Amino acid sequence: MPDMSRRAFAGLVGGGAVTAVASTATTAEAAPAERPFKARPAVSGKRPNLLVILADDLGWADLSSYGAPHIKSPHLDRLARQGVRFTDAYSGSATCSPTRFSLYTGRYPGRTPGGLAEPIANRTQGLVPGHPTLASLLKKAGYDTALIGKWHCGWLPDYSPTKSGWDEFFGNHGGVLEYFSKLGQLGDYDLYEGDATYQDLRYYTEVLTERAVEYVGREHRKPWLLNLNFTTPHWPWLAEDDAETGAEIAAKIRAAKSQAEISSALNHYDGGSVEKYTQMVQSLDAAVGEVLAALRRSGQEENTLVLFASDNGGERYSYNWPLSGQKFVLLEGGIRVPAIVRWPDRIDGNQVSHEPNFSPDWTATLLELGGAEPDPAYPLDGTSLVGYLLRGEVVPERDLFWRVRANRALRRGDWKYYRDAAGKDHLYHLAEDTREQADLATDRPELLAELKAAWERTATELLPYPAA
């Protein structure tokens, strides 16, 4: 990142950030240099436990290992040093619910009713029970399954993780909640254990961490899948010491006379700051550190694959340099996310991979590692990365596809086709132009037409968007 950009950002966050920049730089210099990814020679072994940790609205560069000059993330940086840090990983969509649909099903969000919602905001939408999921397929293959944290694929009584393949659920059904009162986007209490409410008014990240630590520390008789979905650092902008501000937001929710007023309170437009956001990301980092420590104490660390990622790009106070755009749009800043994989038994550490991938690829990968067969009636849109990760095989060339209402995007190799909300088509070469500033649409009209046609072929297979 150019020095001027670092200085400008330090000025934005205030004097405290200057110290953070220096501290982060010192840490980075002390760390061993990353090596290009290379698969370890194949060895036989038992199926791994699968720990999938999802952050909420964490931007691509919001970790110090991805370039943030003001955020200290030692636990996630250590995870990256112990495994593989992906530079070109993408979410399944630019918002919460569609990405979760794509990760849970391994398919484009537009293939499943409810998957198009951005985000799911009422009780009529959700992931239909009975649809094959990562959890249901792994469960069939002999795994225990649990989801802790944000579900955001439908509310009770019709939708729930326990209706879609997870043996256990502890968390919230909606997309956002006030971190202390647990009042959610429909205005009611939204913390559940199974299908019953669970009362706990502590800071939500702390509550989820405690439950995840308990789960991984159990004596497991079978391999397990744990989806650990934090709400951090999604708004409202609240850290552990902000109970008073949380109470003010909760009071506004209780007094609200409309859904718009509830949303306004939770959006927290009158609050937050870069410093507060930094606190939230560092709280997330500490929480992940606690869970990983519990995994180590349990003796399961070596044969547990840990996947850490975000559900979409960052928003408002996120640090996305050098990407353009943010959550809600299909520019790189809206869909490119941090992604780290660690599996000590099978994958060497301190590596970096530039292999493009997105959420449905990880579904296919985890299913293959768990010995689970996809349902032939619901073919996956993702490509398994097992051959790449374990045997060094070349990932077949394929298109990564996104659709968010009027926005379009398709990546093929280093090329990206993008249509903005105004209906204008763009063509970018990401290897040379990560910021998507040099539009090559007029220079390469044949390639633009080819990628556009590929996007349209896939789009014809999907459910149409409902009328706005």
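The values are calculated or read from the model by the stated rules, or taken from the named source; none is laboratory data. Quantities reported herein were computed from a predicted structural model and do not represent experimental measurements. So basically every Cβ, Gly included, is an ideal-geometry build from the backbone, and we count neighbours across all protein chains shown.
Quick notes on this structure:
- Close pairs from region 67-90: first free of Cβ contacts under 8 Å to residues at least 60 places away in the same chain and assigned by TED's automatic domain parsing to the domain that holds residue 334, partner surrounded by fewer than 24 Cβ atoms within 10 Å (Cβ to Cβ) and of a type in the set (A, V, I, L, M), Cβ under 8 Å, at least 6 apart: 77/31
- Search result, residues across region 422-466 that are closer than 15 Å to residue 403 by Cα and either assigned to a loop (DSSP other than H, G, I, E, B) or of a type in the set (Phe, Trp, Tyr) (or both): 422, 423, 424, 455, 460, 461, 462, 463, 464, 465, 466
- Across region 191-202, the number of residues qualifying as under 23 Å from residue 238 (Cβ atoms) and in a loop (DSSP other than H, G, I, E, B) comes to 6.
- Residue 403 being among the basic types (Lys, Arg) and not in a loop (DSSP other than H, G, I, E, B): yes
- Which listed residue is assigned to a helix (DSSP H, G or I) and closer than 23 Å to residue 368 by Cα, from 145, 209, 205, 162: 162
- Test: residue in region 115-130 that is hydrophobic (A, V, I, L, M, F, W, C), out of contact with any Lys or Arg (no Cβ under 8 Å at 6 or more places or on another chain), assigned by TED's automatic domain parsing to the domain that holds residue 160 and assigned to a helix (DSSP H, G or I): no
This table checks each residue for (1) in contact (Cβ under 8 Å) with a residue 60 or more places away in the chain; (2) surrounded by fewer than 23 Cβ atoms within 10 Å (Cβ to Cβ); (3) touching a strand residue (DSSP E or B) at 6+ places or on another chain (Cβ under 7 Å); (4) among the β-branched types (Val, Ile, Thr).
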position	(1), (2), (3), (4)
162	no, yes, yes, yes
181	yes, yes, no, no
187	yes, yes, no, no
193	no, yes, yes, no
197	no, yes, yes, yes
240	no, yes, no, no
252	no, yes, no, no
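- Some residue of region 221-233 being among the hydroxyl-bearing types (Ser, Thr, Tyr) and either assigned to a loop (DSSP other than H, G, I, E, B) or surrounded by fewer than 16 Cβ atoms within 10 Å (Cβ to Cβ) (or both): yes
- Segments classed as helices (runs of 4 or more DSSP H), wholly inside region 1-92, with at least 1 members that are modelled with pLDDT under 65 and surrounded by fewer than 18 Cβ atoms within 10 Å (Cβ to Cβ): 3-13, 15-30
- Residue in region 381-388 that is touching a Phe, Trp or Tyr at 6+ places or on another chain (Cβ under 6 Å) and surrounded by fewer than 21 Cβ atoms within 10 Å (Cβ to Cβ) present: no
- Filtered residue count, region 39-95, keeping only those that are out of contact with any Lys or Arg (no Cβ under 6 Å at 6 or more places or on another chain) and of a type in the set (Phe, Trp, Tyr): 2
- Scope region 409-462; condition of a type in the set (Ser, Thr, Tyr) and either loosely packed, with under 12 Cβ neighbours inside 10 Å or closer than 13 Å to residue 331 by Cβ (or both); matching residues: 417, 418, 428, 434, 442, 460
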